[in-house]
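Heads up, the thing below is written out as structure tokens.
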Amino acid sequence: MTGRSVSPVVMPEPVLRVEGVSKRFGGVQALKAIDFEARAGEVHGLVGENGAGKSTLVKILSGIHSADAGTVRVHGKRLALARPHDATAAGISAIHQEPSMFDELTVAENIFVAAQPKSPVLGLVDWPRMIRDSTLLLEELGTEIDPRSELGHLSVAERHIISIARALSTDASIIILDEPTAALSHSEIERIFGIIAKLQEQGKAIVFISHKLGEVFRICDRYTVLRDGETVSTGTTDSTDEDGLIRAMVGRTLDDVYPKADARLGQVILKVSGYSHPTEFDEIGFDLRRGEILGFYGMVGSGRTELMESLFGLSQHSRGTVRLHEAAVEFKSPGDAILAGISYVPEDRQHHGAILPMSIARNVSLPQLENVSNYCFLNSGREERLVDEFGRNVAIKASGWSQAVEELSGGNQQKVVIGKWLATNPDVIILDEPTKGIDVGSKAAVHEAIGRLVQDGLAVVLVSSELEEAIGISDRLVVMAQGRIVAEFSRNDFDREKIAAIATRRIGSGREQEPSIEVPGR
């Protein structure tokens, strides 16, 4: 008796196939024989460090750059992507981390900005049809955004939804999402993930780019790792783990990303008591020692950033005291804080952290021009030595210190901002989301630099919404929720599940006390 024959599983033909694509910019080989594919109804994670080639590949698929060699096929048809219109016509739509949109126009106008429906009579814009079609697209994505509302009034997450609706309006079969969750809260991320699931159900091929590997494992079916412009690994997400991806990306393990230097705690250098703001935070109290990394963890909207901005003199508190070196201080401006020895690396590097058209050297030397100048004239030698020391300390990758910051990758832009404030040699440095948008290799370099600085006696306040980072390098951890401190943990008592539960719970009108764990010697 013969056994029943079993037909082999046949994988669907890829909607998108990239074969041997290469691209060179001057003397830099950005891509080298890249192979990549995406299938209908699949979320394919594209991961790699900053500078690995992800952005260049996306720009080739979007028709912004032309490949020097190799082929791109959609539904088996070879394409010549010489301009963005060619990509759109082929059904490829890329949605970037900061999508290009028009705040003054309505949602409907932004959705159909490149192809407004026209009246068959006079060829004018058919406004009723545009509103109707926009409504249908938004309903298809499960959202109730009014297509008549002005875009400038929407949140970042809603803007991403409008970008996806725009892609669907062009009948895109391939949707590239580039860091779509970078600036979103937990609830907004869940909303975007729900829409991605709907796109899968519709049979779209989705390319998902993210530095958050937890998200890659949560929503991606397969992955491809790029390193130094080459494809180094591809497979299904259920056949590997986070350590495996990190090793493929940077040749190191997860533990290496969060190196923890031994803390040698000194005297209390900063003490905050009863610190309150009329609307943002209330009754904040903590102390910070030399050689210590004090982490602040909480969800977006917990008041972390507003607290740090106030401590740096960007906004004024209503009551409470701040003592630096045991002396009471009150900063009316950031200049006062800098002179006192406190520096602040803001969360938004592009708008608040750096002057993008200026060079790396000019950005790093800007907060201390008096130290790199002779009277009214800049001393280029001093500036070069300053930038060289701190640029190398945080491992900025650039062609030279004269390169414009806007020409760098997002991770290297962030490292310029960190290097700028470290160069002021502060006693206390506040790092607000210092590795936001940075790949794991760059994170390790930043964490190593922070470790060296605290060993030299610098005191660090680390604000992070990434729990692995917060517990990975902090000596103590303060948890905030709804503008209040709700718990404090010493390093020996870090508990991921407990910390996450406390950070996400709701607080009543009165202050709920979570049992704090005292740090020996406090």
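Within region 90-104, the set of residues being modelled with pLDDT of 85 or more and loosely packed, with under 15 Cβ neighbours inside 10 Å comprises 102, 103, 104. If only residues of region 390-409 that are touching a residue at least 12 places away in the same chain (Cβ under 8 Å) and polar (S, T, N, Q) are counted, the one that is farthest from residue 354 (Cα to Cα) is 393.
Checking region 110-130 against the condition returns a match, with at least one residue being aliphatic (A, V, I, L, M), closer than 22 Å to residue 184 by Cα and at pLDDT 85 or above. Restricting attention to region 406-432, the residues that are open to solvent by 40 Å² or more (accessible area, probe 1.4 Å), acidic (Asp, Glu) and not in a helix (DSSP H, G or I) add up to 1.
Check 150, 144, 139 and return the single one that is touching a residue at least 24 places away in the same chain (Cβ under 8 Å) and out of contact with any helix residue (DSSP H, G or I) (no Cβ under 6 Å at 6 or more places or on another chain).
Working: 144 fails: touching a residue at least 24 places away in the same chain (Cβ under 8 Å); 139 fails: touching a residue at least 24 places away in the same chain (Cβ under 8 Å).
From the options 150, 144, 139, the qualifying one is 150.
Let's see how each residue does on (1) surrounded by fewer than 20 Cβ atoms within 10 Å (Cβ to Cβ); (2) out of contact with any Cys (no Cβ under 7 Å at 6 or more places or on another chain); (3) assigned to a loop (DSSP other than H, G, I, E, B):
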| site | (1), (2), (3) |
| --- | --- |
| 157 | no, yes, no |
| 161 | no, yes, no |
| 182 | yes, yes, yes |
| 189 | yes, yes, no |
| 206 | no, yes, no |
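For the structure I just gave you, tell me whether residue 403 is modelled with pLDDT of 85 or more and either polar (S, T, N, Q) or surrounded by fewer than 15 Cβ atoms within 10 Å (Cβ to Cβ) (or both). Answer is yes for this residue. If you go through region 105-136 and pick out every residue that is surrounded by 15 or more Cβ atoms within 10 Å (Cβ to Cβ), in contact (Cβ under 8 Å) with a residue 40 or more places away in the chain and either among the β-branched types (Val, Ile, Thr) or farther than 24 Å from residue 195 by Cβ (or both), you end up with 3.
Yes or no, residue by residue, for (1) in a loop (DSSP other than H, G, I, E, B); (2) surrounded by fewer than 22 Cβ atoms within 10 Å (Cβ to Cβ); (3) not β-branched (Val, Ile, Thr):
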position: 23; (1), (2), (3): no, no, yes
position: 33; (1), (2), (3): no, yes, yes
position: 37; (1), (2), (3): no, yes, yes
position: 52; (1), (2), (3): yes, no, yes
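Within region 191-204, the set of residues being in contact (Cβ under 8 Å) with a residue 40 or more places away in the chain and open to solvent by less than 40 Å² (accessible area, probe 1.4 Å) comprises 194, 195, 196, 203, 204.
Is one or more of the residues making up region 319-335 surrounded by 21 or more Cβ atoms within 10 Å (Cβ to Cβ), in contact with a Ser or Thr (Cβ under 8 Å, 6 or more places away or on another chain) and either under 24 Å from residue 449 (Cα atoms) or charged (D, E, K, R) (or both)? Within region 319-335 (the criterion being surrounded by 21 or more Cβ atoms within 10 Å (Cβ to Cβ), in contact with a Ser or Thr (Cβ under 8 Å, 6 or more places away or on another chain) and either under 24 Å from residue 449 (Cα atoms) or charged (D, E, K, R) (or both)), the answer is no, since none of the residues qualifies. Contact map, region 442-465: residues that are over 18 Å from residue 476 (Cα atoms) paired with residues that are among the charged types (D, E, K, R) and open to solvent by 10 Å² or more (accessible area, probe 1.4 Å), Cβ distance under 7 Å, separation 6+ or inter-chain. Pairs shown: 442/49; 444/252; 444/256.
Which one is surrounded by the most Cβ atoms within 10 Å (Cβ to Cβ), of the residues in region 336-369 that are within 19 Å of the chain's Cα centre (by Cα) and among the small types (Gly, Ala, Ser)?
So the first thing to find is which residues in region 336-369 are within 19 Å of the chain's Cα centre (by Cα), and the list is 344-356.
Adding the requirement that they be among the small types (Gly, Ala, Ser) leaves 353-354.
Numbers: 353: 22, 354: 24.
Restricting to residues being within 19 Å of the chain's Cα centre (by Cα) and among the small types (Gly, Ala, Ser), the top hit is 354.
Restrict the check to region 294-311 and report whether at least one residue is open to solvent by 40 Å² or more (accessible area, probe 1.4 Å), assigned to a loop (DSSP other than H, G, I, E, B) and modelled with pLDDT of 90 or more.
no
Does residue 265 meet the test of being more than 30 Å from residue 188 (Cα to Cα), open to solvent by 50 Å² or more (accessible area, probe 1.4 Å), at pLDDT below 90 and assigned to a helix (DSSP H, G or I)? The answer is no for residue 265.
The values are calculated or read from the model by the stated rules, or taken from the named source; none is laboratory data. In this text, all values refer to a predicted model and were calculated from it rather than measured experimentally. Positions of Cβ are backbone-derived with ideal geometry, glycine not excepted, and every protein chain shown enters the neighbour counts. Remember, those area values only see protein heavy atoms, side chains included, never the ligands or the DNA or RNA. Shrake-Rupley method; radii C 1.70, N 1.55, O 1.52, S 1.80 Å.
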